[in-house]
Amino acid sequence: MESMYWLIAFIVLLGIEIMTMGLTTIWFAGGCVAAFIASLAGAELELQISLFIVVSLILLFFTRPAASRYLNSRTTKTNVESLIDKKARITETVNNILGTGAAVVNGQMWTARSADDEIEIEKDQVVRIVSVTGVKLIVKKMEEV
C-alpha cells in the first residue's frame, strides 16, 4: 500500500514541477521513485523514507546546479543586460566627481559614469560598458579592459 502513496506523491510533485518549471520539486519526485522501488522490493517504511530524503537531497544539491546552468545558457540577454560588454561613444566628458558624462550606444543617449572615480574619460572616446546601474552606464576606457 505504501508504494501507492509514493506513486501518488511522485505524480503530484511532477505535476507541480510541470506547472512551475522551477527545478525544485522534480528532485523530490526522483526521491519518490527511489522510495517506490524500495517499497516494491519490500523494504521497511523507515528505509523508504530514508531513501526518499537521501536521493532527493543528492539530486537537489548535485544535479540542480548543472541543470540550471544548462537551461539558463540558452537564455538571450534582453534590454539593459544586452548592453554589457558593448562599445559606446562618449558625447560628454565623464567625470564622476563633477557628476558629468554621457554616451551614445545603439543610437540612444545615456548618462555615463566611469567604473573608476579617479579616471576622467574625454569626449569622443570609445569605451566598453561594464555594467548598468539604474539609468547610468558604467564604462571603462578600452585600454583598461
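The values are calculated or read from the model by the stated rules, or taken from the named source; none is laboratory data. All values derive from a computational prediction rather than experimental measurement. Cβ placement follows ideal geometry from the backbone for every residue including glycine, while neighbour counts extend to all protein chains displayed. Just so you know, the surface numbers come from the protein's heavy atoms only, side chains and all, with ligands and any DNA or RNA stripped out. Shrake-Rupley method; radii C 1.70, N 1.55, O 1.52, S 1.80 Å.
So here's what we get for this one:
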| item | result |
| --- | --- |
| Nearest-ten-degree value, helix 2-20 long axis tilted from longest Cα axis of the chain | 20 |
| Stokes-Einstein translational diffusion, the chain - Kirkwood Rh over all Cα pairs, 1.306 mPa s, 10 °C, in µm²/s | 83 |
| Where a label projected 7 Å from the Cα of residue 61 along Cα→Cβ would reach, residues of the range 25-53 with amide N under 16 Å | 27-28, 31, 50-53 |
| Rel. contact order, % - alpha carbon contacts under 8 angstrom, at least six apart, the range 50-138 | 26 |
| Leading residue at positive end of dipole, the chain (Cβ point charges), from 22, 10, 48 | 22 |
| With every protein chain in place, the chain: carbon and sulfur % of accessible area (1.4 Å) | 63 |
| Per residue Cα convex hull volume in Å³ - calculated over the range 1-85 | 92 |
| Cα-based reach from residue 140 at 15 Å (exclusive), listing aspartates and glutamates while leaving out same-chain residues under 8 positions away | 85, 92, 116, 117, 118, 120, 122, 124 |
| For the range 95-145: span of alpha carbons on each principal axis (Å, largest first) | 27, 22, 19 |
| Student exercise, the chain dipole from Lys, Arg, Asp, Glu Cβ charges, in Debye to nearest 20 | 500 |
| Between 0 and 90°, nearest 10: helix 45-58 axis offset from the chain longest Cα axis | 20 |
